[in-house]
1. If I filter the stretch 1-16 down to residues being more than 8 Å from the ligand (Cβ to nearest atom) and outside any loop (DSSP other than H, G, I, E, B), which single residue comes out as surrounded by the fewest Cβ atoms within 10 Å (Cβ to Cβ)?
2. In the stretch 20-54, what residues are of a type in the set (Gly, Ala, Ser) and touching a helix residue (DSSP H, G or I) at 6+ places or on another chain (Cβ under 8 Å)?
3. Does Arg283 satisfy the condition of being within 21 Å of the chain's Cα centre (by Cα), crowded, with 20+ Cβ neighbours inside 10 Å, more than 23 Å from Val32 (Cβ to Cβ) and within 13 Å of the ligand (Cβ to nearest atom)?
4. Give me the pairs: first residue in the stretch 1-26 and closer than 20 Å to Asp82 by Cα, second residue among the hydroxyl-bearing types (Ser, Thr, Tyr) and within 16 Å of the ligand (Cβ to nearest atom), beta-carbon distance under 8 Å, and six or more apart or on different chains, which are they?
5. State whether one or more residues within the stretch 51-73 are closer than 27 Å to Gly294 by Cβ and crowded, with 19+ Cβ neighbours inside 10 Å.
6. Which numbered condition trips up Gly297, out of (1) open to solvent by less than 40 Å² (accessible area, probe 1.4 Å); (2) within 16 Å of the ligand (Cβ to nearest atom); (3) out of contact with any Ser or Thr (no Cβ under 9 Å at 6 or more places or on another chain)?
7. Identify all residues within the stretch 257-291 that are in a loop (DSSP other than H, G, I, E, B) and closer than 21 Å to Glu77 by Cβ; write none if there are none.
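The values are calculated or read from the model by the stated rules, or taken from the named source; none is laboratory data. Since this is a predicted model, take the numbers as computed values, not measurements. Cβ sites come from the backbone with ideal geometry, for glycine too, and all protein chains shown count toward neighbours. SASA here: full protein model, heavy atoms, side chains in, ligands and nucleic acids out. Shrake-Rupley method; radii C 1.70, N 1.55, O 1.52, S 1.80 Å.
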Amino acid sequence: MEKKKILVLGGGFGGVFAAKSLEKLGRDKVEVELVNGNNYFVFQPLLPEVAASSIHSADAVVPLRQLLRRIQVRQAEVMGIDFEKKNVIVVQGARRVPIDLPYDELIIALGTGVDLDRFPGLPEHALTMKDLADAHRLRTHVIGCLETADVTDEPDVKRQLLSFVVVGGGFSGVETIAEMRELVTRALRYYPNIEDGDVRMTLIEYADRILPTFPADLAAYATRRLRMSGIDVLTGIGTKSATGTAVELTNGTIIPTSTIVATIGNGPHRLVATLGLDLHWARIKTDRYMRVPGHEGVWALGDAALIPLVEDPGENPADYATQTAQFAVREGQQLAANIIANLDGKALKPFAYTSKGSLASLGMSKAVADVYGIKLSGTLAWLLWRGFYLSFLPGFTSKLRVGVNWLVNSVMPPNIVQIQSTPPATRYNHYRKGDRVFEPGMLIDGFYTVIKGRFRLTIDNPETGEHFEKVFGPGEHFGERVLLRSALRTGLVVAQEEGVLLFIAQKDFTRFARAFPFLDNYFKDYIDRTFGGADKAFAPGSTNHKAELERLP
Ligand SMILES: Cc1cc2nc3c(=O)[nH]c(=O)nc-3n(C[C@H](O)[C@H](O)[C@H](O)COP(=O)(O)OP(=O)(O)OC[C@H]3O[C@@H](n4cnc5c(N)ncnc54)[C@H](O)[C@@H]3O)c2cc1C
């Protein structure tokens, strides 16, 4: 009998456990291939520990090829699905050419996306906590804040750098802030100019309490514990907007900060949102067997799917499987059994599972646990938390690595090596009224185009007393004048109202300008037209910008 081709999209908890079970249950009936963007499986519950340096980033992941020895693993990006032709389109490797992957049965396990669009500025300025790169970025960022805060002479800058805000009081938000607190506390011994009292940590939760999936008394314990370790827990307050220097809350409070982590805003996966499937609460609606209605041979599970637990589900979230690793693993196993039963012409089983409980680490060797109805808090809960996740980690090597990391970290000082990652060369920046984009004396960083709002540029030459002023609106740009000439800014740009700027880093902008002569001419004319004589007056010692361009790498 010809084997059926089963394609699994996504190598997270849902996809991996579905693929593993399929291989076990239907070895001679099915050929399984798993497609994932990375060549590793991420153990998401350990991400806050990666961010806190307790676990090395490479040890919180497991190579998919090691986990799925008898399954074809393909590292590729899923770009589209043609349900009619039963075909998935992927791109892989450096030759980004679309490739067709035909299937008989398709399993969608792509997880969810992040949607912060309701909060102006949050998509541009908040760090997220979804994958390994996020955890790594947060760790690097926090250490970078400590480095600068230790040496800056400006009290406002220091206050802003030492203020850390996490938005979202679910277990990933709670664990993230608790781990950040632990990292900062343990690292302070290396930063002699920072007192513990200089550090401000804030957890913001819109609901009236944190950890909504835990019993109220455990959530109250967690709140007390976090407060004892110096974290402000603000409940019943939401986030209104954010910039690169502050977050504004729904009660009008403005918290100056350079670090905002958002663990809220579960949105549909970017690709899933375009597939024309029936979505509810940003998840693919399935039947109780995890089939996607109206699409033969298509199944969905994990965070991406909305799987009913009861016959007639309504608007009560309890009618559906929850978005946790615990559920995704059981869904994967049940879905595999259903596919094999379907091929054998046997009856399928509806998905049914009751959560065995929840665990959340509070840092400093404390946790809360609600397991099999038994409630625990403190060190015992923390030991249970560690033991549970160690046992849950797939593969002996990863268990050993994480165990060793924990052991070493408990007796050694924290690792504060900052491995720099470059921010994207082109990005949106959000500003509130009064925010400074740049000011005289700052090193030039890039070129700015106004997307929304108005921005006032003023240039004062203290030597000649000359003054220049211009307001830029949508479609206009600034930053190019000094960019093509001297090394330091001479003007001050202040947001006149809430606005958004598209920023292009200096190196990329100058390379672009150099490659296209029309751009060179455009900026030359533009500078002459806009600044006229002021141009030379405000850029002492400047050379012809063409000559400057000649010297660029
Ligand atoms: C910080 C944090 C802490 C958590 N803690 C816990 C916990 O303590 N307990 C618990 O039970 N749950 C926890 N969870 C939730 C749990 O991790 C998720 O419910 C679970 O990972 C969902 O599994 P999944 O397979 O549906 O999706 P994911 O694990 O998100 O996997 C989706 C996979 O699809 C891949 N992918 C996405 N798009 C593409 C594409 N276009 N092409 C190719 N590949 C793609 C991704 O790279 C990823 O590997 C936590 C989550 C986070 C973020």
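1. Result: Lys5.
2. Residues satisfying the conditions are Ser21, Gly26, Ala51, Ala52, Ser53, Ser54.
3. yes
4. Sorted first by the residue in the stretch 1-26, then by its partner, the pairs are Lys5/Tyr103; Ile6/Tyr103; Leu7/Tyr103.
5. no
6. Unmet for Gly297, out of (1) open to solvent by less than 40 Å² (accessible area, probe 1.4 Å); (2) within 16 Å of the ligand (Cβ to nearest atom); (3) out of contact with any Ser or Thr (no Cβ under 9 Å at 6 or more places or on another chain): (2).
7. The answer is Pro268, His269, Arg270, Leu271, Leu275, Gly276, Leu277, Ala282.
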